[in-house]
Amino acid sequence: MAEKGGPAAHGARHVAIIMDGNGRWAKKRFLPRAVGHTRGVEAVRNLVRGLRSTGVEVLTLYAFSSENWRRSEEEIQDLMGLMRHFIRSDLPEFIANGIRLRIIGDYSIFPADLVEMIEDALARTAGGRNGTLAVALNYGSQQEIVRAAKAAAAGGEITAEAIEAALDTADLPPLDLLIRTSGEVRLSNFLLWQAAYAELYFTDVLWPDFTLAHLEEALAEFAGRERRFGGR
Ligand code: FPP
């Protein structure tokens with residue numbers, strides 16, 4: 001979050017990350033995939049701890065896509081377990097540090113106890129003013145756009161503004177920078193509408209190895225990019 005006196009010099013208010021490469025990180029070390037995910041959560045924790053120092057207001061993370069249900073039952077259970085553990089262990093720190101939690105995507109189909117934990121965390125962090133962590137859960141951008149277009153149509157007019165106002169991200173600042181780790185170069189149904197004018201940044205670093213210094217590197221590159229939003 002920017003300190004009083006204005007926005008951070010790099011100008012990025014909203015950064016999103018496709019956290020990729022947990023499995024490959026584990027494989028390289030002959031470890032189970034679950035260990036890669038556990039280390040991935042540690043990377044999340046470190047970034048959230050440093051968020052305020054970066055001047056970024058909103059960090060949006062792709063934690064579970066609507067396509068991730070195709071993974072093995074065991075891996076899905078591992079990821080749900082990690083989310084439970086993450087909320088339990090980190091919620092007090094979020095509250096103490098003024099970090100607001102937001103969810104994008106339809107998390108209502110998650111196990112009832114997890115839904116309850118998420119709702120409790122949302123309520124207890126709602127007053128956070130030092131930065132927002134938006135977590136994408138059961139999120140798919142095409143599905144989000146369809147939902148938003150239906151809401152716009154129900155409101156009478158399908159315009160870009162009406163769709164935008166009905167997206168899950170409607171209350172967040174425009175997306176400035178979208179990062180994907182692990183060397184994959186695609187958007188995988190993440191924030192397709194929101195990325196229309198975002199800068200894209202791809203790095204070979206595997207997600208468990210991604211640190212605050214890597215985020216700062218991406219922000220420095222962002223600061224040097226010329227954004228024209230379609231103009232000259
Ligand atoms: C991609 O690695 C990562 C995921 C599908 C899940 C990301 C989730 C976490 C880091 C943990 C949960 C997050 C929070 C906020 C508690 P991959 O398994 O696709 O890696 P691979 O492509 O190398 O196999």
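Of note:
- Normalised by 2.2 N^0.38 Å, with N the number of residues, the alpha-carbon radius of gyration of region 9-111 equals 1.14.
- Relative to its Kirkwood radius, the Cα radius of gyration of region 31-77 gives an Rg/Rh of 1.08.
- Membrane-span-like helices in the chain, defined purely by DSSP H runs whose alpha carbon atoms cover 24 Å or more axially and whose average Kyte-Doolittle hydropathy reaches 1.6, do not occur.
- Note on the chain: with neighbouring protein chains present and a 1.4 Å probe, carbon and sulfur make up 53 percent of its accessible heavy-atom surface.
- Size of charge dipole - the chain - debye, nearest 20, with Cβ of Lys, Arg +1 and Asp, Glu -1, no other charges: 420
- Taking the centroid of alpha carbons for each part, region 162-203 and region 5-80 are 15 Å apart.
- Exposure check, 1.4 Å probe, all protein chains in place: Thr159 carries approximately 40 Å² of accessible surface.
- For Phe202, neighbours were defined as the other residues whose beta-carbon sits under 12 Å from its Cβ, and their charges (Lys and Arg +1, Asp and Glu -1) total -3.
- Relative contact order (%) - criterion: Cα under 8 Å, at least six apart; region: the chain: 29
- q = 0.13, 0.15 Å⁻¹: log10 I(q)/I(0) that the Debye formula gives for the chain, counting C-alpha atoms only: -0.80, -1.08
- The length gained by stretching the chain between Thr211 and Ala9 to full extension, at 0.36 nm per residue less their Cα-Cα distance, is 70.7 nm.
- When shorter helices are ignored and each DSSP H run of at least 4 residues is given -39500 (n - 2.57), the per-residue value for the chain at 222 nm works out to -14500 deg cm²/dmol.
- Other residues with beta-carbon under 13 Å from the beta-carbon of Val115 carry, at +1 per Lys or Arg and -1 per Asp or Glu, a net charge of -4.
- Spin-label model, Gln77/Arg129: points 7 Å from Cα along the beta carbon direction are separated by 4.5 nm.
- Residue-span extension gain [Arg45 to Ile158] - 0.36 nm each, minus C-alpha spacing: 36.8 nm
- Residue-normalised accessible area of region 1-89, given per residue in Å² at a 1.4 Å probe: 51
- With the convex hull of the Cα atoms taken as the outline of region 98-232, the averaged projected area works out to 10.4 nm².
- With all protein chains kept in place, the per residue accessible area of region 123-171 amounts to 50 square angstrom at a probe of 1.4 angstrom.
The values are calculated or read from the model by the stated rules, or taken from the named source; none is laboratory data. Because the structure is a prediction, the values reported are computed rather than measured. With ideal geometry, Cβ positions are generated from the backbone for all residues, glycine too; neighbour counts draw on all protein chains shown. Protein only, heavy atoms only, side chains kept; ligands, DNA and RNA dropped before computing areas. Shrake-Rupley method; radii C 1.70, N 1.55, O 1.52, S 1.80 Å.
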